[in-house]
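Before any comments, here is the structure.
The values are calculated or read from the model by the stated rules, or taken from the named source; none is laboratory data. Worth saying up front: this structure is predicted, and the values here are computed from it rather than measured. Cβ sites come from the backbone with ideal geometry, for glycine too, and all protein chains shown count toward neighbours.
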Amino acid sequence: MLVTNALSMAISNRQPTGTVIHSDHGVQFTSWAFTRRVQEAGLAPSMGSISDCYDNGMIESCWGRMQTERLSRRRWRTRIELANAIFEYLKIFHNRQRRHSSLGMLTRPSMKGSTRSPYP
């Protein structure tokens with residue numbers, strides 16, 4: 001399953017502890033395999049309320065930006081092509097190149113090496 005594999009990859013790359021995993025009520029996030037992997041890693045699952053767009057604003061904002069900036073601009077011929085585009089957007093563009101307003105309009109890599117706080 002794509003989300004379980006992505007979660008496992010994130011866990012092995014980052015070794016997070018006490019991290020909250022924000023998700024919606026989609027079947028992939030409520031599956032037994034995903035829930036077990038979250039628990040095994042010592043992470044805290046967080047699911048938003050049904051029909052409450054403000055409850056999970058961070059992930060909704062991320063998905064909205066990805067749809068506007070990448071996914072809605074063309075038609076995808078296969079699911080694999082779409083999955084690759086999502087991976088490329090998140091792993092390469094969003095995490096490495098996109099400037100984030102929450103980081104004072106810096107990219108994540110430039111913020112990692114910075115001693116500057118993104119907060120005034």
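General remarks:
- Only listed residue being out of contact with any strand residue (DSSP E or B) (no Cβ under 6 Å at 6 or more places or on another chain), of a type in the set (Gly, Ala, Ser) and surrounded by 12 or more Cβ atoms within 10 Å (Cβ to Cβ), chosen from Ser8, Ser101: Ser8
- Whichever residue in segment 36-79 is among the hydrophobic types (A, V, I, L, M, F, W, C) and at pLDDT 85 or above and, among such residues, is farthest from Asp24 (Cα to Cα): Trp76
- Only a single item in (1) of a type outside the set (Gly, Ala, Ser); (2) within 25 Å of Lys112 (Cβ to Cβ); (3) within 13 Å of the chain's Cα centre (by Cα); (4) surrounded by 14 or more Cβ atoms within 10 Å (Cβ to Cβ) is not met by Leu43, and it is number (3).
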